[in-house]
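Chemist: Next up is a structure, given as structure tokens.
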Ligand SMILES: [Zn+2]
């Protein structure tokens, strides 16, 4: 069962919107936390069984296009008035806010799917999401020095990311990737 609150698991543009939302809420004195970002089908089923989701079908959370928030203040975590204000800010940023939904209102749920429905996502349909504005990428940029070279990486929430192949090959390793295992890369010693 996969359940995480990390923003790094979201699609880059959705992560960007989540960060913007947090920033804008902080600007009006609402401290925002994130309770749920990426989840798998098993956790989706659990949410449904426990009344935390309208559907047992996988949806935007499973595709890294949704996140749930809470008010990061003791005893006000699910304050309706504050969540409504967060909803209004989110909509201004272009997010869909489930507090507006007719069938199953979730005041904590935001998503950005590029206009696709959950059924379309399940059917494998995708649209290209907007690019993350360059200023944000620049702000996260880091120069990483290592034995034998230098690479440009970036830092997100205290974790530094570097271009794997560029770094490993300079350190004397090979990097391989095959299309049949798209979510795996393998670093090995040079033969
Ligand atoms: Zn949600």
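The values are calculated or read from the model by the stated rules, or taken from the named source; none is laboratory data. If you're wondering where the values come from, they're calculated on a predicted model, not measured in any experiment. We place every Cβ from the backbone using ideal geometry, glycine too, and count neighbours over all the protein chains shown.
Chemist: Could we say that residue 105 is in contact (Cβ under 8 Å) with a residue 12 or more places away in the chain, over 20 Å from the mean Cα position of the chain (by Cα) and either part of a loop (DSSP other than H, G, I, E, B) or more than 16 Å from the ligand (Cβ to nearest atom) (or both) here?
Modeler: no
Chemist: Now for a different question. Hey, can you tell me all the residues within the stretch 108-122 that are within 16 Å of the ligand (Cβ to nearest atom) and under 22 Å from residue 34 (Cβ atoms)?
Modeler: Result: 108, 109, 110, 111, 112, 113, 118, 121.
Chemist: Just need a number here: residues in the stretch 21-37 that are away from the ligand (no atom under 11 Å from the Cβ) and touching a residue at least 24 places away in the same chain (Cβ under 8 Å).
Modeler: Summing the residues that are away from the ligand (no atom under 11 Å from the Cβ) and touching a residue at least 24 places away in the same chain (Cβ under 8 Å) in the stretch 21-37 gives 8.
Chemist: Return yes when residue 44 is in contact with a helix residue (DSSP H, G or I) (Cβ under 7 Å, 6 or more places away or on another chain), within 24 Å of residue 104 (Cβ to Cβ) and assigned by TED's automatic domain parsing to the domain that holds residue 113 and no when it is not.
Modeler: Considered against the rule, which asks whether it is in contact with a helix residue (DSSP H, G or I) (Cβ under 7 Å, 6 or more places away or on another chain), within 24 Å of residue 104 (Cβ to Cβ) and assigned by TED's automatic domain parsing to the domain that holds residue 113, residue 44 comes out as yes.
Chemist: Away from the ligand (no atom under 16 Å from the Cβ), surrounded by 10 or more Cβ atoms within 10 Å (Cβ to Cβ), in a helix (DSSP H, G or I) and modelled with pLDDT under 85 - does that describe any residue in the stretch 123-138?
Modeler: Checked against the condition, which is being away from the ligand (no atom under 16 Å from the Cβ), surrounded by 10 or more Cβ atoms within 10 Å (Cβ to Cβ), in a helix (DSSP H, G or I) and modelled with pLDDT under 85, the stretch 123-138 yields at least one hit.
Chemist: Also, quick follow-up: Of all residues in the stretch 69-97, how many are under 16 Å from residue 113 (Cα atoms) and at pLDDT below 95? Spell out the reasoning first.
Modeler: The first filter runs over the stretch 69-97 and keeps only residues under 16 Å from residue 113 (Cα atoms), leaving 90-97.
Now drop any that are not at pLDDT below 95, which leaves none.
Residues that pass the stated criteria total 0.
Chemist: Pairs only if they're at least six apart or on different chains, beta carbon under 6 angstrom, first in the stretch 43-70 and in a helix (DSSP H, G or I), second more than 12 Å from the ligand (Cβ to nearest atom) and at pLDDT 90 or above; list them, first residue then second.
Modeler: Going by the 6 Å Cβ cut-off, the qualifying pairs are 60/113; 63/121.
Chemist: For the subset of the stretch 139-191 comprising residues that are in contact (Cβ under 8 Å) with a residue 60 or more places away in the chain and assigned to a strand (DSSP E or B), which member is farthest from residue 18 (Cα to Cα)?
Modeler: Taking the stretch 139-191 first, the residues in contact (Cβ under 8 Å) with a residue 60 or more places away in the chain are 156-157, 159.
Next, only the ones that are assigned to a strand (DSSP E or B) stay: 156, 159.
Working: 156: 13, 159: 18 Å.
So the residue we want is 159.
Chemist: Could you please find all residues in the stretch 57-98 being within 12 Å of the ligand (Cβ to nearest atom), farther than 17 Å from residue 47 by Cβ and over 15 Å from the mean Cα position of the chain (by Cα)?
Modeler: 97
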